[in-house]
Amino acid sequence: QLVESGGGLVQAGGSLRLSCAASGRTSRSYAKAWFRQAPGKEREFVAAIDWLGRDISYAESVKGRFTVSRDNARNTVSLQMNTLNPEDTAVYYCAAAETYAGPEVTGWPYWGQGTQVTVSS
């Protein structure tokens, strides 16, 4: 099970930190990823991290602004989002897979329910 938290409303230029708590088989050794889906758009890759936290990747649109990290002792993965802009408005989802599955949605079999992030201009 994956449960996201930390979403909300923020002004452009602001920051938010999302968290994803993992339990059951998705905890610890699974790779984790963040995706997002804006209204009327397809779900898109944001960032991913392997279970050791050594292999990290980002979408070009968030590089330099977002940072993904994980705490395996607490079974959590976080997404620190800085310098937010209205184009970042979306529902953000946490995903998990036994191994890093790349940026394709279909590669990640386990999903949370999502948390809304709204960036006002």
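The values are calculated or read from the model by the stated rules, or taken from the named source; none is laboratory data. Everything numeric here is computed off the predicted structure, so don't read it as measured data. Cβ atoms come from the backbone with ideal geometry, glycine included; neighbour counts cover every protein chain shown. Note: accessible area is taken over every heavy atom of the protein model, side chains too, but ligands, DNA and RNA are not part of it. Shrake-Rupley method; radii C 1.70, N 1.55, O 1.52, S 1.80 Å.
Summary of computed values
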read-out: Qualifying residue in segment 2-19 (condition: touching a residue at least 12 places away in the same chain (Cβ under 8 Å), closer than 16 Å to Gly107 by Cα and outside any strand (DSSP E or B)); value: no
read-out: Members of segment 63-84 that are touching a residue at least 60 places away in the same chain (Cβ under 8 Å), surrounded by 14 or more Cβ atoms within 10 Å (Cβ to Cβ) and either farther than 13 Å from Gly6 by Cα or touching a helix residue (DSSP H, G or I) at 6+ places or on another chain (Cβ under 6 Å) (or both); value: Asn82, Leu84
read-out: Selection within segment 79-107 - more than 13 Å from Ala48 (Cβ to Cβ) and not acidic (Asp, Glu); value: Gln80, Met81, Asn82, Thr83, Leu84, Asn85, Pro86, Thr89, Ala90, Val91, Tyr92, Thr106
read-out: Qualifying positions in segment 85-111 - open to solvent by less than 20 Å² (accessible area, probe 1.4 Å) and within 22 Å of Val10 (Cα to Cα); value: Asp88, Ala90, Tyr92, Cys94
read-out: Among residues of segment 24-65, those that are small (Gly, Ala, Ser) and part of a strand (DSSP E or B), counted; value: 5
read-out: Residue check for Ser27: exposed (fewer than 12 other Cβ atoms within 10 Å of the Cβ), more than 13 Å from the chain's Cα centre (by Cα) and under 20 Å from Tyr110 (Cα atoms); value: no
